[in-house]
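First up is the structure itself, then whatever we jot down about it.
The values are calculated or read from the model by the stated rules, or taken from the named source; none is laboratory data. Since the model is a prediction, treat every value here as computed from it, not as a measurement. Cβ coordinates were reconstructed from backbone atoms using ideal geometry, including for glycine residues, and neighbour counts include every protein chain displayed.
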Amino acid sequence: MIAFRAIKSIEVERFFRQPPASLPLLIVLVAIAIGYACASFFTNFFTTLSTILGSL
């Protein structure tokens, strides 16, 4: 949701003379991709951190 709001705040529509009809779908898909990448990063980070701390 944070990525979606961030992309919407950029107002991508103003970069087009006539925005394509599929632009809202593209914004949603990009927001999902950003959210997935962030979630994967934090999951891997905490998994690695727990592995390192568990081996001490």
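Return a yes/no flag: does segment 9-17 have any residue that is surrounded by 10 or more Cβ atoms within 10 Å (Cβ to Cβ) and out of contact with any helix residue (DSSP H, G or I) (no Cβ under 8 Å at 6 or more places or on another chain). Yes - at least one qualifying residue is present in segment 9-17.
The requirement of being loosely packed, with under 10 Cβ neighbours inside 10 Å and out of contact with any helix residue (DSSP H, G or I) (no Cβ under 9 Å at 6 or more places or on another chain) is satisfied by Thr51. Among the residues here, Ser55 qualifies as at pLDDT below 95 and of a type outside the set (Val, Ile, Thr). Taking the criterion of being outside any helix (DSSP H, G or I) and either on the phi > 0 side of the Ramachandran plot or not polar (S, T, N, Q) (or both), the residues of segment 15-56 that qualify are Phe16, Arg17, Pro19, Pro20, Ala21, Leu56.
If the condition is being farther than 24 Å from Ala39 by Cα and not acidic (Asp, Glu), then segment 1-11 contributes no residue at all.
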